Amino acid sequence: MSIKTHGFGPLQLSTNKDGSIFAILQKEISKRGTNDISKIKDILDNKCFTDFSFVNVLPLIYNEKEMRFKVIIFDLQKAYSSVKRIKFFPPRKIGRKRTFPIYKFFDDKNSYIFEVRYGGAKANALQRGMWTHTENAESFFKELLVGGYKINEPLITLIAKILVSRKDIHEKILKYFFNLSNR
């Protein structure tokens, strides 16, 4: 289980450390992309994609301005079954930085579902793996919990003071809290 905290927008579903997802896309469709449904099915039935179904990501999405949050899950099976087109996006230059290549997956209405980013040795965790977008792929998410929150200043102050305390203070605090739970 991977619990992630994000604002609305891009959401990393997996870092795919071995780069296998990107590699299979390079091998199977190269830089052409495809809308061949049988080819897409073969790709998504590949072990690197099916293995991803065992990864559970539980994102906590928050909006600081509105002080709202939601806990959502990405419906991977719905996403896979909705893919009708895979498009390759080559690297490009933005300012002085160069981006890495990306494969984007779309449904029958040409709506974005998810993407696979470059996964080679030069890529860091933010430049590789499977990503989606909490707003652009909204129909592929299930909401588990939605609500608002308030800033609890006393709790924040307490946690800040505990974090910078000495080890013996931490031990006293733990003993105190465990004694409370035994009552």
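Taking Cα atoms, how many degrees apart are the long axis of helix 167-181 and the longest axis of the chain, rounded to 10 and kept between 0 and 90?
90 degrees
Loop only per DSSP, at most 16 neighbouring Cβ atoms within 10 Å: give me the GluC sites (Glu not before Pro) in region 1-88, ordered by residue number.
GLU64, GLU66
Using the alpha-carbon atoms, what tilt in degrees (0 to 90, nearest 10) does helix 20-29 show relative to the longest principal axis of the chain?
Tilt of helix 20-29: around 20 degrees.
Under a point spin-label approximation (7 Å from Cα along Cα-to-Cβ), what is the LEU58-LEU145 distance to one decimal in nm?
Modelled inter-label distance: 0.8 nm.
If you take the beta carbon distance between LYS41 and VAL71 as r and set R0 to 25 Å, what does 1/(1 + (r/R0)^6) give as a FRET efficiency, to the nearest 0.05?
In this case the efficiency is close to 0.20.
Taking a cut-off of 20 Å, what percent of all Cα-Cα pairs in the chain are separated by more than that?
The calculated P(r) of the chain puts 63 percent of pairs beyond 20 Å.
Using a Gaussian network model on the chain with a 10 Å cutoff between Cα atoms, which of LEU155, LEU25, LEU60 fluctuates the most?
LEU155
Tilt of helix 153-163 relative to the longest C-alpha principal axis of the chain, in degrees (0 to 90, nearest 10)?
So the inclination is approximately 90 degrees.
Looking only at the chain, where both bridge partners belong to it, what percent of the DSSP beta bridges are antiparallel (to the nearest 5)?
Of those bridges, close to 85 percent are antiparallel.
Out of the chymotrypsin sites (Phe, Trp or Tyr not before Pro) in region 125-155, which ones are loop residues according to DSSP with at most 16 other C-beta atoms within 10 Å?
Within region 125-155, the qualifying chymotrypsin sites (Phe, Trp or Tyr not before Pro) (loop, at most 16 other Cβ atoms within 10 Å) are TYR149.
Please find, in a Gaussian network model of the chain (springs between Cα atoms separated by less than 10 Å), the residue of PHE69, PHE106, PHE54 whose mean-square fluctuation is greatest.
Largest GNM mean-square fluctuation: PHE54.
Under 5 Å between amide hydrogens, which residues at least 5 positions from LEU60 or on another chain qualify, with H placed 1.01 Å from N in the peptide plane?
Amide H neighbours of LEU60, under 5 Å, 5+ apart: LYS4, THR5, HIS6.
For every other residue with a beta carbon closer than 14 angstrom to the beta carbon of ASP51, add +1 if it is Lys or Arg and -1 if Asp or Glu, then tell me the sum.
Taking every other residue near ASP51 into account, the sum is 0.
Please sort by residue number the GluC sites (Glu not before Pro) in region 122-183 whose DSSP state is loop and whose Cβ has at most 10 other Cβ atoms within 10 Å.
none
Can you compute the modelled spin-label distance between SER165 and HIS133, with each label point 7 Å from Cα toward Cβ, in nm?
Going from the SER165 label point to the HIS133 one covers 4.6 nm.
What's the local net charge at SER111, with K and R +1, D and E -1, over the other residues with C-beta under 15 Å away?
My count for the surroundings of SER111 gives 0.
Assuming 0.36 nm per residue, please report the length gained on full extension of the stretch LEU155 to LYS93 beyond their Cα-Cα distance.
17.9 nm
Since every read-out is calculated from the coordinates, none of them should be taken as a lab result. Everything quoted here is computed from the prediction, not taken from an experiment. Backbone-built Cβ (ideal geometry, glycine too); neighbour counts: all protein chains shown.
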